[in-house]
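The values are calculated or read from the model by the stated rules, or taken from the named source; none is laboratory data. If you're wondering where the values come from, they're calculated on a predicted model, not measured in any experiment. In this analysis, Cβ positions are derived from the backbone assuming ideal geometry, glycine residues included, and neighbour counts consider all displayed protein chains.
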Amino acid sequence: MVKRTVAWAPVCVGLTASLGLALGGCHSRPPLTPQEAEGKHLYQIRCAHCHEDNDQELKKIPPDLHGIFDRRTLLSGAPATDMAVRQIVFTGKGMMPAFAGRFTDEQMAALLAYLHTELR
Ligand code: HEC
């Protein structure tokens, strides 16, 4: 039996290369925008160690932030809006530290943009 291999990969590589975006291989989803990519970087260095790895072994396990904006409310019951999430990041909550003064407005906007991508 002859297997037919569909040559999508080179097409994808060519496309992403010609767009100048070597981000995350080629899936059906569009690549992250530069702003989302910046947010991803910030998330990975500032948030993921707790929210994905819980490296400090906190008793209250940092909640999963995937699809946080798909939920109607945050754990606190507050509506899952940019404003509410920004507030938590600025002021901290429980064992989560406050990040006030540690992100510029642009960085905060990038972080929120990335959280809206469901962390891909
Ligand atoms: C030291 C570990 C730690 C770090 C670092 C941290 N968090 Fe958290 N985060 C927590 C914990 C613990 C909670 C739960 C707080 C509570 O409800 O008592 C939380 C809660 C949250 C919530 C509320 C989620 C919900 O559904 O109510 C958001 C949003 C959030 N964090 C975003 C972030 C972002 C964005 C970053 C990076 C800028 C970050 N956190 C960094 C530990 C952390």
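Between Gly39, Gly101, Gly25, the distinction of being part of a loop (DSSP other than H, G, I, E, B), modelled with pLDDT of 95 or more, touching a helix residue (DSSP H, G or I) at 6+ places or on another chain (Cβ under 9 Å) and not hydrophobic (A, V, I, L, M, F, W, C) belongs to Gly101 only. When residues in the range 42-76 are screened for being of a type in the set (Gly, Ala, Ser) and not in a helix (DSSP H, G or I), 2 of them pass.
Scanning the range 35-87 for residues that are over 18 Å from Phe99 (Cα atoms) and aromatic (Phe, Trp, Tyr) yields a single hit, Phe69. Quick one: in the range 104-120, of everything that is of a type in the set (A, V, I, L, M) and in a helix (DSSP H, G or I), which residue is surrounded by the fewest Cβ atoms within 10 Å (Cβ to Cβ)? Selected residue: Ala109.
Taking (1) of a type outside the set (Lys, Arg); (2) more than 8 Å from the ligand (Cβ to nearest atom); (3) modelled with pLDDT of 95 or more in turn, Glu118 satisfies each apart from (3). Considered as a group, the residues in the range 66-93 that are of a type in the set (Ser, Thr, Tyr) and near the ligand (Cβ under 10 Å from one of its atoms) include one that is surrounded by the fewest Cβ atoms within 10 Å (Cβ to Cβ), and that residue is Ser76.
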